[in-house]
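Trainee: Structure below; questions to follow.
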Amino acid sequence: MTEPVPVTAVAQVGRDRARVMTGLTTHAGRPYLCGPALTCACAPEDNLAMHAALYQASPGTVLVCDGTGTTGCALFGELMATDAANQGLGGLVLQGPIRDIADIDELGFPVWCTGTAPGQATKTSALSVGAPVVVGNVLVSPRDQIIADRDGIAVVPAAEWDAIQAEVTALAEREAKTRARLAAGERLADINGLDLTRFLPQR
């Protein structure tokens, strides 16, 4: 699909095939990303795993990183974002903090994370690269499709992504017809077949 796939539509049509992350409320860069996951898990206060994932990631890939409770320093910053953008990566979803958020905003590289921290991480050990991780209370496997916008972050198994894209297209067509009827003056409750007359004030 050439148009951005909204997270709300993915969650609506996906139901139990789509999982929605929670807790990653800080955003930087462009307000949209969509691509297959490359996963990693960092040792506490150490971002070597993130560097290793970034070094091997292919264009369009979304880095999905478990920061394993890191809060005292950033696991990702402007220089890493510049490298990632230069390689055509799709974005970053990080269970952990970033820094240089204003610079990343200016660069436009899309990031969702748990917050910010000004300190620098060490680079001495890595827990995993390319293994399943839990981020945003969702288990993410490599190649799972990650979709994020201002409404949230959804995760779709790779095998389900084509079908969900088709269902999102069908949903968009139905909603376009609803908008046309609303523009013509119809009420949404009537379009949806909701009998709300019992809620009207009694005369």
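Trainee: Could you tell me which of the residues Gly23, Gly60 is over 22 Å from Asp103 (Cα atoms) and small (Gly, Ala, Ser)?
Mentor: Gly23
Trainee: Checking Gly185 against (1) assigned to a helix (DSSP H, G or I); (2) surrounded by fewer than 16 Cβ atoms within 10 Å (Cβ to Cβ); (3) modelled with pLDDT of 95 or more, which test does it fail?
Mentor: (1)
Trainee: Mind checking which pairs have a first residue in region 54-81 that is touching a residue at least 12 places away in the same chain (Cβ under 8 Å) and a second that is among the basic types (Lys, Arg) and open to solvent by 10 Å² or more (accessible area, probe 1.4 Å), Cβ under 6 Å, 6 or more apart or different chains?
Mentor: That search, which allows pairs on different chains as well, returns Ala74/Arg99; Gly77/Arg99.
Trainee: Just to be sure, is Glu3 at pLDDT below 95 and out of contact with any strand residue (DSSP E or B) (no Cβ under 9 Å at 6 or more places or on another chain)?
Mentor: Taking the combined requirement at face value, the residue satisfies it.
Trainee: If you check Arg19, Arg15, which single one turns out to be open to solvent by 30 Å² or more (accessible area, probe 1.4 Å) and modelled with pLDDT under 95?
Mentor: Values: Arg19 fails: modelled with pLDDT under 95.
Sole residue among the options that is open to solvent by 30 Å² or more (accessible area, probe 1.4 Å) and modelled with pLDDT under 95: Arg15.
Trainee: Okay, next question. Please indicate, with yes or no, whether at least one residue in region 69-92 is of a type outside the set (Lys, Arg), under 13 Å from Gln145 (Cα atoms) and touching a Gly at 6+ places or on another chain (Cβ under 8 Å).
Mentor: yes
Trainee: Tell me, yes or no, whether region 143-153 has at least one residue that is over 15 Å from Val7 (Cβ atoms) and either more than 18 Å from the chain's Cα centre (by Cα) or open to solvent by 30 Å² or more (accessible area, probe 1.4 Å) (or both). Let's see the steps before the verdict.
Mentor: In the first step, residues of region 143-153 are kept if they are over 15 Å from Val7 (Cβ atoms); the result is 143.
Still in the running and either more than 18 Å from the chain's Cα centre (by Cα) or open to solvent by 30 Å² or more (accessible area, probe 1.4 Å) (or both): 143.
Yes; the residues of region 143-153 include at least one that is over 15 Å from Val7 (Cβ atoms) and either more than 18 Å from the chain's Cα centre (by Cα) or open to solvent by 30 Å² or more (accessible area, probe 1.4 Å) (or both).
Trainee: Please state which of the following conditions Met50 fails to meet, knowing it meets all the rest: (1) outside any loop (DSSP other than H, G, I, E, B); (2) open to solvent by 10 Å² or more (accessible area, probe 1.4 Å).
Mentor: Going through the list (1) outside any loop (DSSP other than H, G, I, E, B); (2) open to solvent by 10 Å² or more (accessible area, probe 1.4 Å), Met50 breaks only (2).
Here's the yes/no breakdown for (1) farther than 23 Å from Ala52 by Cα; (2) hydrophobic (A, V, I, L, M, F, W, C); (3) modelled with pLDDT of 95 or more:
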site	(1), (2), (3)
Ser125	no, no, yes
Gly130	no, no, yes
Val138	no, yes, yes
Pro142	no, no, yes
Ile146	no, yes, yes
Gly152	yes, no, yes
Pro157	yes, no, yes
Ala163	yes, yes, yes
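Trainee: For Ala180, only one of the following conditions fails: (1) surrounded by fewer than 14 Cβ atoms within 10 Å (Cβ to Cβ); (2) under 29 Å from Gly90 (Cβ atoms); (3) not polar (S, T, N, Q). What is its number?
Mentor: Among (1) surrounded by fewer than 14 Cβ atoms within 10 Å (Cβ to Cβ); (2) under 29 Å from Gly90 (Cβ atoms); (3) not polar (S, T, N, Q), Ala180 violates only (2).
Trainee: Take the residues in region 22-47 that are in contact with an Asp or Glu (Cβ under 8 Å, 6 or more places away or on another chain) and part of a loop (DSSP other than H, G, I, E, B), then tell me which one is least open to solvent (accessible area, probe 1.4 Å).
Mentor: It comes out as Gly29.
Trainee: Can you pull out the residues in region 73-106 that are within 13 Å of His27 (Cα to Cα), open to solvent by 40 Å² or more (accessible area, probe 1.4 Å) and not in a loop (DSSP other than H, G, I, E, B)?
Mentor: Gln95, Ile101, Ala102, Asp103, Asp105, Glu106
The values are calculated or read from the model by the stated rules, or taken from the named source; none is laboratory data. Since we're looking at a predicted model, the values are computed, not measured. A quick note on method: Cβ atoms are made from the backbone with ideal geometry, for glycine too, and the neighbour counts reach across all protein chains shown. For accessibility, only protein heavy atoms count, side chains too; no ligands or nucleic acids. Shrake-Rupley method; radii C 1.70, N 1.55, O 1.52, S 1.80 Å.
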